[in-house]
Amino acid sequence: MEQEQLIQHYVAQKLSKIEMEEVAHKMKVDATFKAAVDEYKLIASSIKISEKDKLKKRLQAIENERTPKKNPFKIWQIAATIAVLIGIGSFYVFQNSNNAQSLYASNFEPYPNTLQPVVRDIPGNLAFMEYENGNYEKAISEFQKMLELQDNPDIKFYLAMSHLNTGATDKALIILKSIEDTNTRYLPQTHWYSALAHLKSEDKKSALQSLKKLKTVDAMYKKDKRTSLENQLN
Amino acid sequence: MTNTSLQQRLRDEDPTAFEEVYKDNQEAFFNYALKFNLDKDTVLDVYQDATIALYQNFVSKQLVIENGTLRTYLFAIGKYKMYNILKKRKKVILKDAPEKVADFEIEVDNSPSEQQKQLAINFKNMSPSCQDILKMYYYRNLTIKEIVALTHYKDENTVKSHKSRCLKGLRQLINSPK
């Protein structure tokens, strides 16, 4: 086998155990050979890094392609917000709240159920089913039943999300506040949705504080949306 | 049989096979990862890196999984990565440390050196034909003969000389003082 091919097979671990040992020995006694192996490894690893970057971007694109599916719901949210506001019939409220409300509407999307598989096969399954189907009133009563059985900050988070989706912003805020200091796995989400809930309540100052907390606990979570919102609020 | 041909497609660097593995195992991986108590974004990041590591093992080492399924292998890589994250955050309890991850000889991801990073950038800026030929040789580990069979190059010597020319640019960078 030519030396170059030998090195290639060695680095790719395609050689037999005995051949691998022979190459390892040759590297110890032949400095030129060792340098050639090192150079090969360096080039191979650099190409691998470059390919890894490309693959990572492809996977991120797959995830981004999935997100627009939520758009019909988002549009519905915006439409619902506007409809409710017109329903109130108060032009004054509409004019004053327009900025914060539109920021809320353009940033809010229901948080997906990522917890449900943990509690599959216990009564909580129903709560998450209702949540996923958008039956938030029913989900609220099911989550409350679950919380009577166990005090779980993750379930509280979903209870808060359900309230937020029904427009009960104050209730959502109280619950979110109560889990800020717990070990919930949804801590970044808690701060993000607190910020949005404060926006909906026209409390820009508190919204900014929540965004600040979000940055402290997880600077990467919703980074682009967070910074853009911070800029618009400042 | 389907699984075997999927493995062959992965060895052949078929991007659709890569995406298939990613999409087919994602939900199960997220369920599996729940016990690690990591946030969703971290789990997604780990899952992406694990899928890439698996794919690159197929492409570069022509991996053949005989014992255990592809999913087991993929999850073992993910588990290893999640333990590393927990270890860094000092949250891991020692008695729960992975016991059998080593079954699959998972490569440790050392952070790339500055030289490797620079070289990777340099590689990305090369002409497509240079990237292709260097990738076939150094990444897919194809022999010169195999490259001739897969490409329009007329013989082994043409492949060799083209490869040397492409390598020259990269070599200069390696040898330049840091």
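Residues in the range B:1-40 that are hydroxyl-bearing (Ser, Thr, Tyr) and over 17 Å from the mean Cα position of the chain (by Cα): B:Thr2, B:Thr4, B:Ser5, B:Tyr32. Of all the listed residues (A:Asn231, A:Asn133), the sole one being open to solvent by 70 Å² or more (accessible area, probe 1.4 Å), closer than 14 Å to A:Pro110 by Cβ, away from chain B (no Cβ under 14 Å) and free of Cβ contacts under 8 Å to residues at least 24 places away in the same chain is A:Asn133.
A quick yes/no check of all residues on (1) surrounded by fewer than 19 Cβ atoms within 10 Å (Cβ to Cβ); (2) out of contact with any helix residue (DSSP H, G or I) (no Cβ under 6 Å at 6 or more places or on another chain):
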{"position": "B:Glu19", "(1), (2)": "yes, yes"}
{"position": "B:Asn25", "(1), (2)": "no, no"}
{"position": "B:Ala28", "(1), (2)": "yes, yes"}
{"position": "B:Leu34", "(1), (2)": "yes, no"}
{"position": "B:Leu44", "(1), (2)": "yes, yes"}
{"position": "B:Tyr47", "(1), (2)": "no, no"}
{"position": "B:Leu54", "(1), (2)": "no, no"}
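Got at least one residue in the range B:66-83 being within 12 Å of another protein chain (Cβ to nearest Cβ), closer than 19 Å to A:Lys52 by Cα and modelled with pLDDT of 85 or more? Within the range B:66-83, not a single residue is within 12 Å of another protein chain (Cβ to nearest Cβ), closer than 19 Å to A:Lys52 by Cα and modelled with pLDDT of 85 or more. Exactly one residue out of B:Lys168, B:Lys154, B:Lys135, B:Lys160 is more than 11 Å from chain A (Cβ to nearest Cβ) and within 16 Å of A:Tyr40 (Cβ to Cβ): that is B:Lys168. Would you mind stating whether B:Lys61 is over 15 Å from B:Ala17 (Cα atoms), open to solvent by 10 Å² or more (accessible area, probe 1.4 Å), in the same structural domain as B:Thr16 (by TED's automatic domain parsing) and under 12 Å from the mean Cα position of the chain (by Cα)? Yes: the conditions hold for B:Lys61. Looking across the range A:204-228, the residues that are free of Cβ contacts under 8 Å to residues at least 40 places away in the same chain and of a type in the set (D, E, K, R) come down to A:Lys205, A:Lys212, A:Lys213, A:Lys215, A:Asp218, A:Lys222, A:Lys223, A:Asp224, A:Arg226.
The values are calculated or read from the model by the stated rules, or taken from the named source; none is laboratory data. Predicted model only: the values in this text are computed from it and were never measured. In this analysis, Cβ positions are derived from the backbone assuming ideal geometry, glycine residues included, and neighbour counts consider all displayed protein chains. Note: accessible area is taken over every heavy atom of the protein model, side chains too, but ligands, DNA and RNA are not part of it. Shrake-Rupley method; radii C 1.70, N 1.55, O 1.52, S 1.80 Å.
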